[in-house]
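Data block below; observations after.
The values are calculated or read from the model by the stated rules, or taken from the named source; none is laboratory data. Values in this document were obtained by computation on a predicted structure and should not be read as measured data. Cβ coordinates were reconstructed from backbone atoms using ideal geometry, including for glycine residues, and neighbour counts include every protein chain displayed. Protein only, heavy atoms only, side chains kept; ligands, DNA and RNA dropped before computing areas. Shrake-Rupley method; radii C 1.70, N 1.55, O 1.52, S 1.80 Å.
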Amino acid sequence: MAVATLTERLAQVKGVMFDIDGCLVISDGPAGQDGRVLEGAIESLRYVRESGRSVCVFTNGTAQAPADIAAHLRSMGIEVSDDEVFTPSVVAATVLKRKFPNDQIMVFGTPGMLVDFHKRDVNLVDLDKAMAGEKFDTKAVMVGWDTNFGRAKLQIAAEALLAGAELYCASDAPFFASNNRLNVGVSGFIASGLEYVSGQQREVLGKPSHYSMEVISEYLGQPASNILVIGDDISLESKMAREGGAVAGLVTTGTSSAEDAASCAPEIKPELVVSNMFELIDLLKQADAAKV
Ligand SMILES: [Mg+2]
């Protein structure tokens, strides 16, 4: 895309979604655990706010509740409110409550993941009772970061899916970035296993799904075309932005490199590539200066 066109598009941006891991912080676990703040992260968030744009941050991790992630980010100097933190659990609870307002949903994940479902008053299957043999009826099985997913859970999940429940998954990314190694994703691993045993196809609710883009767009109060999505993974943030019609940005401090951006499929190619978040501020400043 020509520089002038990108500048014009950035000038129209009225909301920004920042990825967390590999974009704002780099860490040894999901959502900034034991992490450090990446260059320009605090400043870019501040600039975006000062320029009058709305803000949210989005991690595909579902181990922690948004309020805990927000508190952790604030302890590192990254100023975000609890409401500005999005996870696939937030998207899942929102989407599944709308789709199945009166039905029970079977959810696998940490207590942190369940917070969003309780908050939105989603009717949940009691897993302990179901595993003990009590009858249940569910329209959807939702899989998140569940590190205690053993045979008993496999059994009730497979039964639900074979009876026609839909299969949803927080993220099916095989890995996510951290300081010194690639962390293996859990929910995609479980969901693809359930797909194998039940034949039911999984649908991802976290990034890069259109569900996530829609929930973000609603929160930021902007159509996708007025939103910039910036993150470190072309297959997540850039793909979601391009498919949804948002502006796609890549920062090369995590998973994807500038070479990856040059060689990836054209339909998911990021429209802007920066090597740190200070460069994003420069691009936004240029766009804002050209506006007046
Ligand atoms: Mg990331």
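Here are the numbers:
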{"item": "Mean Cα-pair separation over length for the chain, i.e. relative contact order, pairs under 8 Å, 6 or more apart, %", "result": "22"}
{"item": "20 Å cut-off, amide nitrogen to a point 7 angstrom out along K135 Cα→Cβ, residues in region 146-160", "result": "155-160"}
{"item": "Dipole magnitude (debye, nearest 20) for the chain, charges at Cβ of Lys, Arg, Asp, Glu", "result": "360"}
{"item": "Spatial separation of Cα centroids for region 141-201 and region 254-270, in angstrom", "result": "27"}
{"item": "Highest-first arrangement of 232-240, 281-289, where packing means the average Cβ count within 10 Å", "result": "232-240, 281-289"}
{"item": "1.4 Å probe accessible area per residue over the chain, in Å²", "result": "43"}
{"item": "Size of charge dipole - region 120-180 - debye, nearest 20, with Cβ of Lys, Arg +1 and Asp, Glu -1, no other charges", "result": "80"}
{"item": "Solvent-accessible surface ranking, highest first, for L250, L127 at 1.4 angstrom", "result": "L127, L250"}
{"item": "Residue among V215, V204, V107 with the largest mean-square fluctuation in a Gaussian network model of the chain, springs linking Cα atoms under 10 Å", "result": "V215"}
{"item": "Relative contact order of region 38-88, defined on C-alpha pairs under 8 angstrom at six or more residues apart (%)", "result": "43"}
{"item": "Calculated FRET efficiency for the pair H210/D82, C-beta based, R₀ 25 Å, to 0.05", "result": "0.50"}
{"item": "Which of H118, I230, S54, positive extreme of dipole for the chain (C-beta unit charges)", "result": "H118"}
{"item": "Accessible carbon and sulfur surface of the chain relative to its total accessible area, %, 1.4 Å", "result": "51"}
{"item": "Check: region 89-204 dipole with +1 on Lys, Arg Cβ and -1 on Asp, Glu Cβ, in debye", "result": "180"}
{"item": "Value of [θ]222 nm, deg cm²/dmol, for the chain, DSSP H segments ≥ 4, -39500 (n - 2.57) each, nearest 500", "result": "-12000 deg cm²/dmol"}
{"item": "Entries in K135/K207; K14/K269; K153/K239; K99/K153; K14/K119 that, when Cα-Cα distance is taken, lie over 26 Å", "result": "K135/K207; K153/K239; K14/K119"}
{"item": "Most mobile of G231, G77, G144 in a GNM of the chain (Cα contacts under 10 Å)", "result": "G77"}
{"item": "Charge dipole of the chain about the Cα centre (unit charges at C-beta), most positive-ward option of M76, V184, G199", "result": "G199"}
